[in-house]
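Report on the following structure.
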Amino acid sequence: MGRIGMPEILVIVVLLLLLFGGKKIPELMKGLGSGIKEFKDATKDNSGATSNPNKDNTDSKSE
């Protein structure tokens, strides 16, 4: 249960074609791909900054 098989994928593709049409789908996928790429870049850039969030706060706790 919870696994997506070939029949489910075909139903999703048919619904997307009916809702958006054949010309709009590549534009939507391009936008989705660029959004995912930006999200990965942002999380990659922030991963070093948030690896130890309490590092700067150690001095204030000892006071």
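Once the piece of chain linking ILE36 and ILE12 is laid out straight, how much longer is it, given 0.36 nm per residue of separation minus the C-alpha distance between them?
Working: separation 24, 0.36 × 24 = 8.64 nm, distance 2.04 nm.
In short, 6.6 nm is gained.
Using each residue's phi in the stretch 29-44, evaluate 6.51 cos²θ - 1.76 cosθ + 1.60 at θ = phi - 60° and report the 3J(HN,Hα) Karplus result to the nearest Hz, with x for Gly and Pro.
Result, ordered by residue: 5, 5, x, 5, x, 5, x, 5, 4, 4, 5, 5, 4, 5, 5, 5 Hz.
Could I have the simple spin-label model distance between ASP45 and LYS23, label points 7 Å from Cα toward Cβ, reported in nm to one decimal?
Between ASP45 and LYS23, the label points sit 3.5 nm apart.
Hand me the trypsin sites (Lys or Arg not before Pro) from the stretch 18-47 located in a DSSP loop with no more than 13 other Cβ atoms within 10 Å, in residue order please.
Details: sites: LYS23, LYS24, LYS30, LYS37, LYS40, LYS44; in loops: LYS23.
Filter output for the stretch 18-47: LYS23.
Enumerate the calculated ³J(HN,Hα) couplings along the stretch 11-28 in order (Karplus 6.51 cos²θ - 1.76 cosθ + 1.60, θ = phi - 60°), each rounded to whole Hz, writing x wherever the residue is Gly or Pro.
5, 5, 5, 5, 5, 4, 5, 5, 6, 10, x, x, 7, 7, 4, x, 5, 5
Computed from the coordinates by the stated procedures, all read-outs in this text should not be read as laboratory data. These numbers were taken from a predicted model, which means no experiment stands behind them. Cβ atoms come from the backbone with ideal geometry, glycine included; neighbour counts cover every protein chain shown.
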